[in-house]
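Readers should treat all values here as calculations from the given coordinates under stated rules, not as data from a laboratory. Small disclaimer: the values here were computed from a predicted structure and weren't measured. Backbone-built Cβ (ideal geometry, glycine too); neighbour counts: all protein chains shown.
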Amino acid sequence: MLTDPGLLRETLLHELLHTCPGCRDHGDRWKSYAALVNGRMGTNIQRTVKVEGEFTPLRREEVKYVLRCQSCGREITRMRMCKVVRAPWRYRCLCGGKLKRVQ
Ligand SMILES: [Zn+2]
Ligand SMILES: [Zn+2]
């Protein structure tokens, strides 16, 4: 569930750009359109972002959210709601694998 209006707008714009001719992936054309929209609308449309740091496991009782890498199985734990928990599809594990919320 997306609750952040800015993030929701950027996610929709991100997907909308994929419907433009030659924008099925995040190639140069997609990137140039994203930069154009970001400049005009002050948004921050990005390709997926790698999750940096904070891979350290928390004490089990503090863990509220768990994301698991679909490639290497690494678990990313969070104590509270944050961007990566809200929109895991926008992020990648350090190995480049896709993240899936499992808890
Ligand atoms: Zn995309
Ligand atoms: Zn991984």
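Numbers below:
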| item | result |
| --- | --- |
| Alpha carbon centroid spacing (whole Å) that separates region 70-100 from region 1-44 | 21 |
| Prolate/oblate/rounded call for the chain, Cα gyration tensor, a/c under 1.5 rounded | prolate |
| Dipole magnitude (debye, nearest 20) for the chain, charges at Cβ of Lys, Arg, Asp, Glu | 180 |
| Value of [θ]222 nm, deg cm²/dmol, for the chain, DSSP H segments ≥ 4, -39500 (n - 2.57) each, nearest 500 | -9500 deg cm²/dmol |
| R0 of 41 Å, Cβ-Cβ distance residue 29-residue 72: FRET efficiency to nearest 0.05 | 0.85 |
| Relative contact order for the chain, counting Cα pairs under 8 Å that sit 6 or more residues apart, in percent | 23 |
| Full-extension gain in nm, residue 95 to residue 44, via 0.36 nm per residue minus C-alpha separation | 16.0 nm |
| Helix axis angle, 5-18 relative to the chain longest principal axis, alpha carbon, degrees | 60 |
